[in-house]
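Chemist: Below: one structure in structure tokens.
Bear in mind these aren't lab numbers, they're just calculated from the coordinates by the rules spelled out. Please read these numbers as outputs of a predicted model, since none were measured by experiment. Don't worry about glycine lacking a Cβ; one is built from the backbone with ideal geometry, like all the others, and counts go over all protein chains shown.
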């Protein structure tokens, strides 16, 4: 997940996202809209100004969505300002992190013996509802914590299914979806509990709620397991959000080993209508890197054969 440290109806897993927003708000733009809901974040276009200026620039390049892992920590006034800017430009809000882990402390351990950690997590989930409403967001990222090396994995899995079911019950009345993000342990996040999309599938099926699904960050999955398209196909009923990032380096598509044009083509065939978070940095600094970023997404969008 960390950058600074962030649907076709998928088997009933909801995404209303892009079509509705773009149908109701005219989007002034200087470029053709991308065919899928690629979502930059603050920093993707840093040379263009502050947060609101970057949103405006992204819209002018044809991007139809935005993502902000750190949104819950922003002042309310800035959340409101961002939401207004997105509506004005006909853009959809992607995910923000509903409960930010304490990365340096390897906490929380949601499958461990401390009930207080699970209660604190649920308190964060409750607080995130107002943030989601303020931002017009429908999906929120959650990390299912870290492993306890002293406990059997099956016990931890059962406890995480239980706490995620409770979290889903909290957000379901508000028509919100928590998307659990598997993270790689080989490069970025040693010790996390959820490490693969397949593991997320098992937890989501155990929770059995439209309010708890999987965030498939393909950068993490490529490092941890590979086999991206077959994995997406097998787990598709529980996937409600997607993020891109190439490997190695976690930069824009076309800079590494992942054939994102083929993945775009596959997603288009699945009629995926949700957001695709651009969960990566730019391979080149400054304005030249921003132009390279846009060109890379144009390339994979064309390569997906509309």
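Chemist: Restricting to segment 237-252, count the residues that are surrounded by fewer than 18 Cβ atoms within 10 Å (Cβ to Cβ) and in a helix (DSSP H, G or I).
Modeler: Selection size over segment 237-252: 1.
Chemist: Considering only residues that are touching a strand residue (DSSP E or B) at 6+ places or on another chain (Cβ under 9 Å) and buried (at least 19 other Cβ atoms within 10 Å of the Cβ), which ones fall in segment 63-82?
Modeler: Selection gives 63, 64, 65, 66, 67, 68, 69, 71, 72, 82.
Chemist: Moving on to the next point. Answer yes or no as to whether residue 263 is over 16 Å from the mean Cα position of the chain (by Cα) and over 24 Å from residue 231 (Cβ atoms).
Modeler: For residue 263, the condition - over 16 Å from the mean Cα position of the chain (by Cα) and over 24 Å from residue 231 (Cβ atoms) - is not met.
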